[in-house]
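*Asks:* What follows is a single structure, and I will ask about it in a moment.
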Amino acid sequence: MITQWIADYLEAQKRAVDSVKPAEIAALVETLRLAWSQDRQVFAIGNGGSAANASHFAVDLGKGSSDTLPRRFRVLSLTDNVAWMTALGNDYSYDEIFTRQLINYARPGDVLIAASVSGNSPNLVKAYEWARGQGLKTIALVGAKRGRLAELAEQVVVIGDTHYGRVEDVQMHILHILCYAFMERPELAGA
């Protein structure tokens, strides 16, 4: 019984992975290449499992990818400073935990990348509304429901599933590809 459930789960996971178009990921690699070449800051955000993916991405881009290049990526996951996030949530609103950090850090031309299954998390939506008005480049990795983030982001990758685990797994596939593109193909940076 469990073996069949696992086989079905893996088949559904394969369909979710296969829903992603390589050309869309290649465009994201180019956005990161430009950010690196212009010494721009890259910010990553998300909630729950997607927050963990944002943190993981910042580690891999900031360490692994940067180790192969003559200059390091400037990358920061805004999900990692718990004291700051709880202060912002308490003193303002949980909806502002990312926007208020961006106000301190972000400059026009920087890159904001969000991972979200629903695409409708109020704190992500607010951050993207702010980012658009400030000239940031915006990327969203969202599930099949797309949500408001798909309308706000300049670059969107829609993962063809709504199951939280599967979508979050595919988000990490994409984020790993973005990092490993520079780890395994450092010439992509033009370095």
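*Asks:* Total Lys pairs in the range 2-189 closer than 19 Å by alpha-carbon, pairs eight or more apart in sequence or interchain only? Walk me through the numbers on the way to the answer.
*Replies:* Numbers: 14/145; 21/145; 126/137; 126/145.
Close lysine pairs under the 19 Å cut-off: 4.
*Asks:* Something else now. Count the net charge of all other residues whose Cβ sits under 15 Å from the Cβ of residue 109, scoring Lys and Arg as +1 and Asp and Glu as -1.
*Replies:* Values: positive: 33, 40, 74, 107, 132, 137; negative: 30, 39, 110, 154.
Net charge around residue 109: +2.
*Asks:* Share of antiparallel DSSP beta bridges in the chain, in percent to the nearest 5?
*Replies:* Values: 0 of 19 bridges.
Percent antiparallel among DSSP bridges in the chain is about 0.
*Asks:* Given contacts defined as C-alpha pairs under 8 Å and at least six residues apart, what's the relative contact order of the range 2-189, whole-number percent?
*Replies:* On the way: 322 pairs, mean separation 49.2, N = 188.
Contact order relative to length: 26 percent.
The numbers here are math on the coordinates, done by the rules we state, and not lab data. Source: prediction; values computed, not measured. Positions of Cβ are backbone-derived with ideal geometry, glycine not excepted, and every protein chain shown enters the neighbour counts.
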